[in-house]
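Okay, structure first, notes after.
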Amino acid sequence: LDHLVSVEALSNEQVMQLIKRAQDFKNGEVYTPSEKKYAVNLFFENSTRTHKSFEMAQKKMGIDLIDFEVATSSVSKGETLYDTVLTMSALGVDVAVIRHGEEDYYKSLIESTGIHLAIVNGGDGSGQHPSQCLLDLMTIYEEFGHFEGLKVTIVGDLTHSRVANSNMQMLKRLGAEVFFSGPKEWFDDSYNEYGTYLPLDEAVEQSDVMMMLRIQHERHEYYGNFSQEKYLDMHGLTEERESRMLPHAIIMHPAPVNRDVELQDSLVECDRSRIVQQMANGVFTRMAILEAVLNK
Ligand code: CP
């Protein structure tokens with residue numbers, strides 16, 4: 001892989017290779033590049049899991065990390081993302097993991113003839129979150145051993161979720177049956193290409209995977225009129241709804257979780273929840289991604 005910027009660019013075979021490689025790392029396999037490699041993590045939007053699991057992956061692989069804080073860099077003097085990445089490339093950095101609020105920010109970077117490093121997208125606005133998608137797929141594959149025919153319902157803030165964008169595409173392509181649920185006003189007709197809308201009380205009884213999404217308050221204008229209790233009651237996974245899930249069904253959430261909003265607090269670490277496993281799998285998935293782009 002030259003870069004990992006969106007899931008559309010990956011073939012099904014590449015996705016399965018990355019998942020299997022992540023499982024190798026989880027099973028203890030070690031990979032260290034034969035030559036010294038340097039990485040920089042440029043996070044223009046806040047992050048805990050993506051940022052720190054890439055950092056953990058880099059450290060486990062012996063990749064040297066160049067510290068970069070947006071607030072203390074020349075970004076504060078108005079330097080653009082392009083010029084920042086051009087500089088990192090000139091310094092000899094091999095891979096840049098970038099999270100940025102602008103959708104498709106990566107296009108000008110990967111088309112540049114002056115930038116000679118691999119770009120890994122850690123999230124672009126409401127666009128894509130390919131490394132999260134891959135760790136979600138790894139978690140589902142670990143559970144079921146296949147994607148074909150699985151019923152996966154993606155619930156909640158579809159409008160703003162880059163996780164949903166990436167996952168709906170890949171799950172459909174890998175043969176899963178995708179459903180959407182949550183507030184109807186957050187469902188766009190364009191999602192019909194990937195799956196169908198189901199009322200939540202039907203979805204919980206039919207799904208193999210309930211994939212809950214964080215409400216991205218920071219991207220909503222209505223905030224202030226929002227009632228957590230009302231949302232949980234109408235669109236959240238409550239203990240009552242969980243009790244109606246299929247015996248083998250699992251709960252996922254990319255986190256951070258708004259506890260008692262998208263799902264009841266008591267369900268975050270319940271037996272069906274794979275939320276902590278998702279976070280752990282993030283490190284191994286990101287090791288597989290880094291290996292792939294460094295060995296292009
Ligand atoms: N799931 C996820 O992307 O979390 P962070 O925003 O903490 O990276």
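The values are calculated or read from the model by the stated rules, or taken from the named source; none is laboratory data. Remember, it's a predicted structure, so these values are computed and weren't measured experimentally. For neighbour counting, all protein chains shown are included, and Cβ atoms are generated from backbone atoms with ideal geometry for every residue, glycine included. To get the accessible areas, we keep the full protein, side chains included, count just its heavy atoms, and leave off ligands, DNA and RNA. Shrake-Rupley method; radii C 1.70, N 1.55, O 1.52, S 1.80 Å.
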Given backbone amide H placed at 1.01 Å from N, residues whose amide H is under 5 Å from that of residue 65, ignoring those fewer than 5 places away on the same chain, are 39
Can you list the residues of the range 19-59 with backbone N under 19 Å from a point 7 Å past the Cα of residue 295, pointing along Cα to Cβ? 19-39, 57-59
Per the helix-only calculation at 222 nm, which mean residue ellipticity applies to the chain, given -39500 (n - 2.57) for every DSSP H run of n ≥ 4 and division by its residues, nearest 500 deg cm²/dmol? -11000 deg cm²/dmol
Taking H placed 1.01 Å from N in the peptide plane, check which residues at least 5 places from residue 273 or on another chain put their amide H under 5 Å from its amide H. 251
Taking a ≥ b ≥ c as the square roots of the Cα gyration tensor eigenvalues, with a/c under 1.5 meaning rounded and otherwise prolate when a/b beats b/c or oblate if not, the chain comes out prolate
Output the DSSP H helices from the chain with an along-axis C-alpha extent of no less than 24 Å and a mean Kyte-Doolittle hydropathy no less than -1.0. 275-294
Once R0 is set to 35 Å, what does the formula 1/(1 + (r/R0)^6) return for the Cβ-Cβ distance between residue 103 and residue 206, expressed as a FRET efficiency to the nearest 0.05? 0.60
Could you compute the FRET efficiency for residue 225 and residue 266, with r as their C-beta to C-beta distance and R0 at 25 Å, rounded to 0.05? 0.40
Residues of the range 153-191 with backbone nitrogen within less than 18 Å of a virtual label 7 Å along the Cα-to-Cβ line of residue 8, please, listed as ranges. 159-174, 188-191
What full-extension length gain, to one decimal in nm, is calculated for residue 29 and residue 87 as 0.36 nm per residue of separation minus the Cα-Cα distance? 17.5 nm
State, as an integer percentage, the relative contact order of the chain based on alpha-carbon contacts under 8 Å between residues 6 or more apart. 22 percent
Carbon and sulfur atoms: what percent of the 1.4 Å accessible area of the chain do they account for? 46 percent
Suppose R0 equals 45 Å; then what is the FRET efficiency for residue 79 and residue 240 from their Cβ-Cβ distance, rounded to the nearest 0.05? 0.30
Ordered by packing density, taken as the mean number of other Cβ atoms within 10 Å over each peptide's residues, highest first, how do 175-186, 154-165, 234-245 rank? 154-165, 175-186, 234-245
Using only the Cα atoms of the range 219-296, build the gyration tensor, take square roots of its eigenvalues as a ≥ b ≥ c, and label the shape rounded, prolate or oblate: rounded if a/c is under 1.5, else prolate if a/b is larger than b/c, else oblate. oblate
Under the rule of at least 5 residues apart or a separate chain, name every residue whose amide H is placed under 5 Å from the amide H of residue 93. none
